[in-house]
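The values are calculated or read from the model by the stated rules, or taken from the named source; none is laboratory data. Owing to the predicted nature of the structure, the values given are computational and were not obtained by experimental measurement. Here the Cβ positions follow ideal geometry from the backbone for every residue, glycine too, while neighbour counts run over all protein chains shown.
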């Protein structure tokens, strides 16, 4: 099925770069779906659910077409008061600061769900990868400067490890750096292979 087209259901430049670096040829078509979910769901369930929702939304625009649609969603989860608080994208600078305060000095998880949907028959394959991220305690000056930089915009958890926030991270466990950036490449290639690509 080498002639099957690949569509990336995401406008994220980071996901685009990771897929391109893996040698894939693809077209970008953002999904623009509702990302609201139940608060009670576990981080991996949320990430996978939203990845499937995004991929299906784009696949449904191309019924019967020979294409595989990749959907992905990244969730940052930090343990607070005995439970996991899910951090999506900050709404504004104040929200970004609240997230940074919660993550400072934490060992939190970054979970990325990936889904591949075949537009011809709706067949769906999905999975997730988890990376444990340890972030050192940030000074007040670092927090103020980071929020002022605007780098947090459109980033799950309000930080970008591939940019300046790498200076805050002291270790990664289990999943890879690409997962924290927003797309676990090995998992994505595995799902595409299972779909026949």
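Listed here are the residues, each with its yes/no results for (1) crowded, with 23+ Cβ neighbours inside 10 Å; (2) at pLDDT 95 or above; (3) not in a strand (DSSP E or B).
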residue	(1), (2), (3)
108	no, yes, no
111	yes, yes, no
117	yes, yes, no
130	no, yes, no
153	no, no, yes
162	no, no, yes
189	no, yes, yes
192	no, yes, yes
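Identify, from the list 100, 24, the residue that is surrounded by 13 or more Cβ atoms within 10 Å (Cβ to Cβ) and assigned to a helix (DSSP H, G or I).
100
May I ask you to list the residues in region 166-187 that are out of contact with any helix residue (DSSP H, G or I) (no Cβ under 7 Å at 6 or more places or on another chain) and not in a strand (DSSP E or B)?
Passing the criteria: 166, 167, 168, 175, 176, 177, 179, 180, 186, 187.
Given the options 35, 48, name the one that is under 25 Å from residue 161 (Cβ atoms), under 17 Å from the mean Cα position of the chain (by Cα) and part of a helix (DSSP H, G or I).
48
Which one of these is under 19 Å from residue 169 (Cα atoms) and in contact with a helix residue (DSSP H, G or I) (Cβ under 9 Å, 6 or more places away or on another chain): 77, 93, 119?
Answer to the check: 77.
Only one residue in 126, 156, 141 is under 17 Å from residue 43 (Cα atoms) and out of contact with any helix residue (DSSP H, G or I) (no Cβ under 9 Å at 6 or more places or on another chain), so which one is that?
156
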